[in-house]
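Below is one structure, written out as C-alpha cells; the observations come after it.
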Amino acid sequence: MSPPVASPPRLRSLAGALERGVALNPEGPALREGGREIAYRELDALVGGLAARLAELGVRRGQRVAVWLPKSIEAIAAMQAVLRLGAAYVPIDPLGPAERVRRMLRDCRPAACVALAAEAEETLAGELPGPALLTLSAPGGEWASRPGRRAGDPGRTSPAEGDELAYILYTSGSTGVPKGVCISHRGALAFVEWAHAELEPGGEDRFAAHAPLHFDLSVLDLYVALLAGACLCLVPEASSRVAAKLVEFVREERITVWYSVPSALILMEAAGLLERPPASLRAVLFAGEPFPIGPLRRLRRALPAARLLNLYGPTETNVCSFHEVGEIGEGTDRPVPIGRACSGDRIWIEGEGGRPLPVGARGELVVAGPSVMLGYWGGPPQRGPYRTGDVAERIAADEYRFVGRRDGMVKVRGHRVEPAEVEATIAAHPGVAEAAVVAAGEGLERRLLAAVVARPGAAPDLLEIKRWCAERLPRHMVVHGLRLVDRLPRNRNGKLDRAALEALLRAGESRR
C-alpha cells in the first residue's frame, strides 16, 4: 500500500526533505536511473556515507562543495550529503566547457569538488588552490578521495537552516562572466513547500527529472519528490534533447508529474506524445519561456484530466507566480498569464520612479518575499524587493501576463542568455576586433546570430566561431549564424544600434 499523502509541518533545512521521504516511504523507490533503482532507506545510507567521507576531507558547515557529475543517483546523493553537513552545493554542468568550469570554481572557491575521476584529472589538475576531491570512476562505480591542500575549518557539520546558503546556481552574466545566484534554505523551501501543497503528491507519484541539475527547474523535481516519498526518475542526459526518447520515457516510467520548458513539450508533441496521451500524467508544469497558444491548446485537449500549471520566476526568485490553465477557446491567441503570486511572495509592477501601476498598465515586475535570493556570490547581499527586468501587464488586481524584457537578456529554449557574455567570448577570438549578438526567431526556432568585425588580415568563418564558443560556453549559448561586417551599426551617441543590428542579421538569415 502506498503511504498516505501528508501535510507536513514546515522544514527548517532543505536537508529535511530527504529525511521526510525516508520516514514516509523507507522501502519505496526514491530514484530511478536507467536500469538502476534505489530505495529511500538505501539512499539515506549512501548520503550518510558520502557525508562522512566529505567530513573526513574537511568539509564543514558554511563552506561550498562543487558537484560536477552527470545526472545520476550519485550526483543527487552527493548534493544531499553536502546539505547534511551544513555546507552549500554548487552544481556544475557536466557537459560544460572546461574553461567555464574552471572559471566558476575559481569564483566560488569550493572546499571540495565531487567529480568523475577522468574529468577531475584532466580539467582540475593544478588549477585550484587546494580543494579536496571526492571522485567517482563512473555512475555506479567506485569512490576515491584526495585531501585538499587547505586545512578544513574545524567548525560544525550539522544541517544549515533559515537564511544560511543552501546552493549556488550559475547563470549567464551581463559582465561577460557567469553569475552565482545564492539561494538560502528558507528561499528554496518557500517554493518547494508551496509546490508540495499545490500538487499534493504521494508515494505512488513518479516525477521526471528532465532539467539538468544546474538548472533551477530541477529544484521542484528533486525536493518535492523527496518531501512526498515519491520516486524521481532521472531522464538520461543523452535523451533530454531527443523528443522521441522523452515520449518513450514518460510512457515506460509511467510519469505522473512532468516539469520542463515549453519547447521540450512542443518537440514531444511532434514526436507523437499526444497521439496516444500517457494516461499516467496527472500534472504537467512548464516554465522558462512563453508557451505558444496553439500547442498549449492541443496539450490541454489531449490531457483533459491533467492539471496544467504555468510557473514563472527568474533564478533569483525561484518560482514566484503561477497560473493554472483551464479550457482554451479557439478565439484565444494570447499567451496564458503568469498568474498570481505564490511561495509566500508578493509581486507587482512599477513604472518610472518606482510608481506601482494599476490594472491595464505595463511595467517592470518586482518580487518581494521569502523566495528571493540572498544575492550574487561575491557581490553585495540582496536588500529588499528584486527587480526582475521583465515587463508584465497587470490584467487583474492580482494577476499578471508576461510581455518581454527591459534589458538585453534573452531566452533560448528556456535558458537565460546575456548577449554580452557571448559577445565577450567571441571578441576574445584572435581574429575578431568587435562582436555583437542578437536572438532571432521564436519558440523552437530561437537562435543566436552574431555580427563580427574581423581584425586586419583575419576573417573567421562560422565553423571557427562555433568551435571557439563551444570550447567556452554552454551549448545553448553557441551562435547559430555569423555575418562579417566592416563596422557595427551605431546610433548618434556612438552606442550599438541593436534594432539596426537585428534587421541586418535577420536579413542575412533570410537570404541563406
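Taken together, the values in this text are just the output of simple stated rules run on the coordinates, not laboratory data. None of these values were measured; they are calculated from a predicted model. Note: ideal-geometry Cβ built from the backbone for every residue, glycine included; neighbour counts use all protein chains shown.
Estimate the FRET efficiency between Glu200 and Ala397 by the formula 1/(1 + (r/R0)^6), using the beta-carbon distance for r and 25 Å for R0, to the nearest 0.05.
E(calc), rounded to 0.05, equals 0.40.
In whole Hz, what ³J(HN,Hα) sequence does segment 343-353 give by Karplus (6.51, -1.76, 1.60; θ = phi - 60°), x for Gly and Pro?
Karplus values, whole Hz, x for Gly and Pro: 6, x, 8, 10, 10, 7, 10, 10, x, 4, x.
For a quick check: with amide H placed at 1.01 Å from N, whose amide H comes under 5 Å from Asp205's, ignoring anything fewer than 5 positions away on the same chain?
Close amide H contacts, sequence-distant or interchain: Cys231.
Taking 0.36 nm per residue of sequence separation and subtracting the Cα-Cα distance, how much length would be gained by fully extending the chain between Glu464 and Glu324, in nm to one decimal?
Values: separation 140, 0.36 × 140 = 50.40 nm, distance 4.52 nm.
Stretched out fully, the Glu464 to Glu324 stretch lengthens by 45.9 nm.
Using modelled backbone amide H atoms (1.01 Å from N, in-plane), which distant-in-sequence or interchain residues come within less than 5 Å of Leu482's amide H?
For Leu482, whose amide H was placed from the backbone, the distant partners under 5 Å are Ala450.
How far apart, in nm, are two points set 7 Å out from the Cα along the Cα-to-Cβ line at Arg106 and at Ser158?
Here the modelled spin labels are 3.8 nm apart.
So how much slack lies between Val453 and Glu352, counting 0.36 nm per residue of separation and subtracting their Cα-Cα distance, in nm?
So the extension gain works out to 32.7 nm.
Count the lysine pairs in the chain whose Cα atoms lie under 25 Å apart, taking only pairs 8 or more positions apart in sequence or on different chains.
Number of lysine pairs found: 9.
When the gyration tensor of segment 16-240 is built from Cα positions, what are the square roots of 5 times its three eigenvalues, in whole Å, from largest to smallest? Mind dumping the intermediate values first?
Numbers: eigenvalues 136, 69, 66 Å².
For segment 16-240, the ellipsoid semi-axes come out as 26, 19, 18 Å.
Compute the semi-axes of the equivalent ellipsoid of the chain, taking the square root of 5 times each eigenvalue of the Cα gyration tensor, and list them largest first in whole Å.
Taking √(5λ) for each eigenvalue gives 35, 30, 23 Å, largest first.
Compute the FRET efficiency between Ala270 and Arg475 as 1/(1 + (r/R0)^6), taking r as their Cβ-Cβ distance and R0 = 30 Å, and round to the nearest 0.05. Don't skip to the end; give the middle numbers.
Details: r = 20 Å, r/R0 = 0.68.
According to the calculation, E is roughly 0.90.
Take Ile328, Ile255, Ile38 and order them by how many other Cβ atoms sit within 10 Å, fewest up front.
Taking fewest neighbouring Cβ atoms as first place, the list is Ile328, Ile38, Ile255.
How do Glu193, Glu421, Glu330 line up, fewest other C-beta atoms within 10 Å first?
Values: Glu193 20, Glu421 23, Glu330 6.
Placing the least packed residue first, the sequence is Glu330, Glu193, Glu421.
So, R0 is 25 Å and r is the distance between the beta-carbons of Leu484 and Glu99; what FRET efficiency does that work out to, to 0.05?
Efficiency at R0 = 25 Å is approximately 0.50.
May I ask for the Kirkwood hydrodynamic radius of segment 418-510, worked out over all distinct Cα pairs and given in angstroms to one decimal? Please report the intermediate quantities before stating the final value.
On the way: mean 1/r = 0.0753 Å⁻¹.
That comes to 13.3 Å for segment 418-510.
When you count, for each residue, the other Cβ atoms within 10 Å and take the mean per peptide, how do 257-269, 474-486 rank with the highest first?
With the highest mean Cβ count within 10 Å placed first, the list reads 257-269, 474-486.
Can you give me the distance in nm between label points at Ser239 and Arg301, each placed 7 Å from the Cα along the Cα-to-Cβ direction?
Reported label-point gap for Ser239 and Arg301 is 2.9 nm.
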